[in-house]
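The block underneath contains the structure these notes are about, expressed in structure tokens.
The values are calculated or read from the model by the stated rules, or taken from the named source; none is laboratory data. Computed from a prediction, not measured in an experiment: that's the story for all the values here. Cβ atoms come from the backbone with ideal geometry, glycine included; neighbour counts cover every protein chain shown.
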């Protein structure tokens, strides 16, 4: 059998599986770190948005508007090619994690803000009347309730982040998509390559999506 | 006797004249004739090979080849439709039948010969190295431990890796989707060297960069057709052979200010390539894995 999906092509792909395994692990690694920093950015910016300082709020809104309304690929390209001209040379993993976290963080902040807003204001007032400071009330009373509301949409952002990590292929990121491009570009075996690359992304993203669906069900049941 | 001789001569001439007409067109060539247009995938961003100007017109050595093939197959040099292709699209577009031919600085490699039919080479070019002047890199040896930027789907990496192994030095590679991306990465100091075939590299030299004197194994360019379209392949191969024989291919190459081709090297290389492909077909798991960066 000939054609892009011939038996020979499948054999060739599977004989080089370790090359793709390396890219897969790099994707997982970058995604996990990216997710960690996304949550931190999302939490900080989201909480600041719920505060009263107008200057801080406009700065946060500016950050979100910029990162939500420019393509990730351009942001990454700028970090890669323009920052070095300003004397800042980041390694590819650091750059990837930072790029993904700043981009996804802009969406995460929105989620955190609306989750906090969704907690009835009476909760905050009640905590205040018991002598909690603003931060104490946030940490002990508001955030635990907000997490339940914000977790399902946040999980969707995690899936987006993992898929978006494929953008790093354009700057020789060495992750899964880059491996697929490089390998198939060299020997022109694109059939099995992109099917299996898709399957590998599915392996990471599908469990998270299913988890999100379950969390969503649980949170609506409790309301 | 004389009459007989002239009769035989006339008969022979008639045969020669009619033989091509008698030969049946293969299905793939017949399909092109029925359509009345030759569909060719070309590069749009490689000066002197396949380049689309601001007016949308294509020009270059590979464009001229496409016109010549349209003339041979359809009798009309302008019965050709160009589609710009990238390294990622040129293969699939052949498989889906949206293109008849791909003439797009496509390097022939043994493992690629298992995926598509390739014509014999119409051009050959050595690999060159472009570095920034301020880097102080003066030769290939200075690149030990450095990163070389190459294009995805180019054979540059394999050739340079082999040269580095031979010299006992380690180099790493970063692959990019397009040549301008590599140039940008060189300018930003992301890679220490931009490497691709010399005639392409010439288009990227500026005041701050220079091409090193080193040259590496020549890369043969071939015209690709879908696997199994051997009728079309034969026409393409015959046309290239004829253009080599009458010197028109050399004239075209010189006309695009490209370095003259040493056809003896090309023929020798072709034999090696097709033999290696046959060996690979017998044992698919031998496909060498690319080196990770």
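Answer yes if at least one residue in segment B:167-176 is outside the structural domain of residue B:117 (by TED's automatic domain parsing), crowded, with 22+ Cβ neighbours inside 10 Å, in contact (Cβ under 8 Å) with a residue 24 or more places away in the chain and under 30 Å from residue B:65 (Cβ atoms), and no otherwise. So far as segment B:167-176 goes, yes, one or more of its residues are outside the structural domain of residue B:117 (by TED's automatic domain parsing), crowded, with 22+ Cβ neighbours inside 10 Å, in contact (Cβ under 8 Å) with a residue 24 or more places away in the chain and under 30 Å from residue B:65 (Cβ atoms).
Among the helices (runs of 4 or more DSSP H) confined to segment A:1-118, the ones with at least 1 residues that are modelled with pLDDT under 95, within 22 Å of residue A:199 (Cβ to Cβ) and within 14 Å of another protein chain (Cβ to nearest Cβ) are located at A:7-15, A:17-49. The criterion of being within 14 Å of chain A (Cβ to nearest Cβ) and within 26 Å of residue B:232 (Cα to Cα) holds for residue B:96. Applying the condition of being free of Cβ contacts under 8 Å to residues at least 24 places away in the same chain and not assigned by TED's automatic domain parsing to the domain that holds residue B:60 to segment B:96-155 and asking which residue is surrounded by the fewest Cβ atoms within 10 Å (Cβ to Cβ) yields B:136. Listed by position, the helices (runs of 4 or more DSSP H) contained in segment B:169-272 that have at least 2 residues being more than 14 Å from chain A (Cβ to nearest Cβ) are B:198-201, B:230-245, B:248-255. Out of everything in segment B:100-117 that is closer than 17 Å to residue B:63 by Cα and within 14 Å of chain A (Cβ to nearest Cβ), what residue ends up being modelled with the highest pLDDT? Per the stated criteria, the residue is B:102.
Among the residues of segment B:273-293, how many are assigned to a helix (DSSP H, G or I), within 10 Å of chain A (Cβ to nearest Cβ) and either surrounded by 15 or more Cβ atoms within 10 Å (Cβ to Cβ) or at pLDDT 75 or above (or both)?
Counting residues in segment B:273-293 that are assigned to a helix (DSSP H, G or I), within 10 Å of chain A (Cβ to nearest Cβ) and either surrounded by 15 or more Cβ atoms within 10 Å (Cβ to Cβ) or at pLDDT 75 or above (or both) gives 3.
A count restricted to segment A:60-92 and to residues that are surrounded by fewer than 17 Cβ atoms within 10 Å (Cβ to Cβ) and either touching a residue at least 60 places away in the same chain (Cβ under 8 Å) or in contact with a strand residue (DSSP E or B) (Cβ under 8 Å, 6 or more places away or on another chain) (or both) stands at 1.
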